[in-house]
Structures are given as C-alpha cells and as structure tokens.
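The values are calculated or read from the model by the stated rules, or taken from the named source; none is laboratory data. In this text the structure is predicted, and so the values were computed from the model without any measurement. In this analysis, Cβ positions are derived from the backbone assuming ideal geometry, glycine residues included, and neighbour counts consider all displayed protein chains. Heavy atoms of the whole protein, side chains included, go into the accessibility calculation; ligands, DNA and RNA do not. Shrake-Rupley method; radii C 1.70, N 1.55, O 1.52, S 1.80 Å.
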Amino acid sequence: MFAGILSCYVVLALALHILTSVLVGVRLFRRTPAYRGDSADLPFVSQVRPLCGLEKFSRETLGSSFTQDYPRFEVLFCVASDKDPVLPLVRELAETHPDVNARVLVGEDIIGQNPKLNNMAKGYWAGGGDWVCFTDSNVLMPPDYLRRLAIEWREGMGVLSSPCHGICVGNFWGAVEAAFLNTHSARLLLALDSLGLGLSQGKTLFMPREVIERGGGIEALASDMAEDAAVSKMVLAQGLRPRFTRRTFPQPIGRRRAKDVWGRMLRWSRLRRDAFPQVFAVELLQGAVAATLAALCLHLFAGLPGAVPLAIPFLWFGAETVMARMAGWPAGPREIAAMAVREIMLPAIWIATWFGRRVVWQGTVIAPRASKSDTG
C-alpha cells in the first residue's frame, strides 16, 4: 500500500510540474492583443512607489515611471527617511521630466508593523486617482506597463497584479534568484491564475480605490505581515477575484551572494506560512527533491527501474527550460544548474521556516502579532 501511495505521488508531482510548465509557457508565448479602444477611456491612475535605499538598477527602474505610454497618471514616490540615499536620484529624475506629474513624499505613517506599508500609506492618501497602482521600486516597467494593467482589467476582479521575472543576472547566485522568480514562483502563480485560483503578488497591485475603502482602507492591509496577502483576503471577502496579467514584468537582479538569496527566500517563505499556513504545510511535496527521493525509495524497496529516479530531474528541468524559452527568458546551462541548486535549497528553506516566524526587511524585524516573543 505504501509503495502504491509513493508511486501515485511521483506520477502526480511530475505530471503537475510538466502541466504547469506547458500551461504557463503557452500563456507567455502568446502575444498580448493590442488595445484598440479610445485612450481617453482609460482611467486616471495614482501610481505609488515605496522606496528604501539605493540599488544598482534604481536609475533604470525608477526612471521607467517617466516613460509610460499612458494618457493620465501621477507618480508618488514614497520615502520614509529624509536621509535615504535614493532621494537625490528620484528628485533628479522628477526635475528632468517636468512633463510627468511626479511627487516625492517623505515621512512615515505607522499603521502597522510592515515598514513598506507604513511608507506607502502617505502615497495612497495623497493620490487623486480612483485607481491605485502600488509598484515595487525594483520593477522595470515597460512603456506599456500601466496601459496593460488598465486594458486587462475585467469585471469581477478586485486586484490585478503580476509576478516579476528576473533579468540582467550578474553571477551564478543571481541566476539562482532568477530560478526562484522565473520558472518556480512565476510558474506556480500564473498556473494557478490560469485555473482561476489566483492570488495577489506585491510587486504590482493595481485596483480601484473603492475596493480598498470598502475593505477598511489602507489601514486594513496591516492585518497580515505582507500587504499582498492582506489584499488577497480583502478582495476575496468582497466576492471579487485577484488575477494576474497575462505576462510578467521584468526585475533586474545583478550580482547576488548566497546569503542574499537565502535571506530573501526565507523571508518570503515565512510570509507565506504566516498568511496561508495550510497551503504552506504541503509546499515540501512540490519539489524535484521529494519526487526524486520517493522514486529512489521505490527503486530500492519496490523494484522500480533505476532509470526512473534518474529521469525525474531531466524531465523536471527540461519542462522548465522549455517554458523559459517560450517566455523568452535565459535558459542556458547556467540557468539549468541554478534550477538544480534552487531545488536543493527549497526543502532546506521550508524546514528553516518552521524554526521562527520573524522576518527581516531592509533591516527592520517584523513578527506576527500573536507571537511577539518568537525568537526566530
């Protein structure tokens, strides 16, 4: 009986992985239809970009706010401290693009323990648009970014967001981070969305202001450690759907250290555990390591041919590589090696997640309200 359960798990895990890779590959390969409506019908959008620190690609990512092919919008750059090193750059960009309605807001409103939310709250309150777009500072927005969000909106949606795909990889550990972002996270999120089971993702959150107000205002987003998890719950509580754009938006990565990748992925893992504990509990079963070990046990104790556990990694990474190439993302030998390292890291991160609930973001420690004494 146990061998039968293991066999079903191996077949199901591999089949689901290949299915999601194909599903998302086709989705990303297809072109987005051009907008043929009147631009005057597009809504006025308040874009809120919370900033913290100066990054290697800040000039490119923040500068992309000023190249939007969109008729009516404003950009509200939010900085918590007047000593933040990003301030001179963003002020320079605003001064050199006087044709764009851009403001730099400095200060912090403490509405919860999430420093990013505390930073961007003033932008939400200062914005004049009936539509709000929260965009992370490291998103490199193509010129049609706001236009694509507006034209992909459909009745019944409560928020439209998008995971990012990693670009401009500078070294191997940067490729590992891209492997987490691209063929792992984006694959799973877009596959769920294609099946009507989408959530929101904090890189981009595009939604009507009235949805936020009905849900209790921006203060209600402090109910979870991660604002995107709170947005998902807020939208679902109103009988609306969180959805993703058809295609992802780019995020430059550059060079990374192993501890950078580990820390970032552990933080995201703990945020998922805090927001959706039942889903997180079974995450360990989704990776190539678990499927390969299960097949190896069947080989050792149930007579499964030895070629099967050897074939699983080839099929696993082969499906991801095909998906990446359909999407137009890098998919060479370095990227495949990075996928393998990612798969080894996934169970280690999952285990480490259970040994603490606190996360560190930009030097600030965030802990669930119910576990202030947690020392993780």
TODO: Would you tell me the accessible area of MET265, worked out with a 1.4 angstrom probe on the heavy atoms of the protein chains, in Å² to the nearest 10?
DONE: 10 Å²
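Could you tell me what percent of the accessible area of the chain is made up of carbon and sulfur, with a 1.4 Å probe and every protein chain present? Present the calculation step by step, with values, prior to reporting the outcome.
On the way: 10530 of 16880 Å².
About 62 percent, which is the carbon plus sulfur part of the accessible surface.
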TODO: Sum -39500 (n - 2.57) across every DSSP H segment of at least 4 residues in the chain, then divide by the residue count to get the 222 nm mean residue ellipticity, nearest 500.
DONE: -14500 deg cm²/dmol
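Near VAL22, within a Cβ-to-Cβ distance under 14 Å, what is the net charge of the other residues, with Lys and Arg +1 and Asp and Glu -1?
Every neighbour counted, the sum reads +3.
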- [ ] Could you pull out every residue, at least 5 positions away or on a different chain, whose amide H is within less than 5 Å of the one on VAL86? Hs are placed 1.01 Å off N in the peptide plane, and Pro or chain starts have none.
- [x] GLY53, LEU54
Open item on the list: What does DSSP give for the chain in terms of the percent of beta bridges that are antiparallel, rounded to the nearest 5?
Closed with: 30 percent
- [ ] Choose one answer from GLY303, GLY196, GLY127: the residue with the largest mean-square fluctuation in a GNM of the chain with alpha-carbon springs under 10 Å.
- [x] GLY303
Task: Rounded to the nearest 20 debye, dipole of the chain from Cβ charges on Lys, Arg, Asp, Glu - done: 740 debye
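Using the alpha carbons of the chain, what is the convex hull volume per residue in cubic angstrom, as a whole number? Don't skip to the end; give the middle numbers.
Working: hull volume 54.4 nm³, N = 376.
Convex hull volume per residue, Cα atoms: 145 Å³.
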Task: Given charges at Cβ of Lys, Arg, Asp, Glu: the chain dipole, positive-most of ILE212, PRO277, LEU51 - done: PRO277
TODO: Would you mind calculating the relative contact order of the range 55-130 from Cα pairs under 8 angstrom and at least 6 residues apart, reporting the percent as a whole number?
DONE: 33 percent
Task: Global geometry of the range 60-167, whether rounded, prolate or oblate, following the gyration tensor of its Cα atoms and the 1.5 cut on a/c - done: oblate
- [ ] Translational diffusion coefficient, Stokes-Einstein: compute it for the range 1-144 using the Kirkwood radius over C-alpha pairs as Rh, at 25 °C and 0.890 mPa s, and state it as an integer in µm² s⁻¹.
- [x] 136 µm²/s
Open item on the list: Need the full-extension length gain, PHE44 to LEU195, defined as separation in residues times 0.36 nm minus the C-alpha distance. One decimal, nm.
Closed with: 51.3 nm
Task: Prolate/oblate/rounded label for the range 275-360 (Cα gyration tensor, a/c 1.5) - done: oblate
Task: Kyte-Doolittle mean at least 1.6 and Cα axial length at least 24 Å: DSSP H helices in the chain - done: 2-29
Task: Rounded if a/c under 1.5, otherwise prolate or oblate - the range 107-181, Cα gyration tensor axes - done: oblate
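Accessible area per residue, 1.4 Å probe, Å², for the range 274-349: what's the number?
Numbers: 3700 Å² over 76 residues.
With all protein chains present, the range 274-349 gives 49 Å² per residue.
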TODO: Distance check, please: which entries in LYS83/LYS259; LYS122/LYS259; LYS56/LYS233; LYS56/LYS259 exceed 24 angstrom between their Cα atoms?
DONE: LYS83/LYS259; LYS122/LYS259; LYS56/LYS233
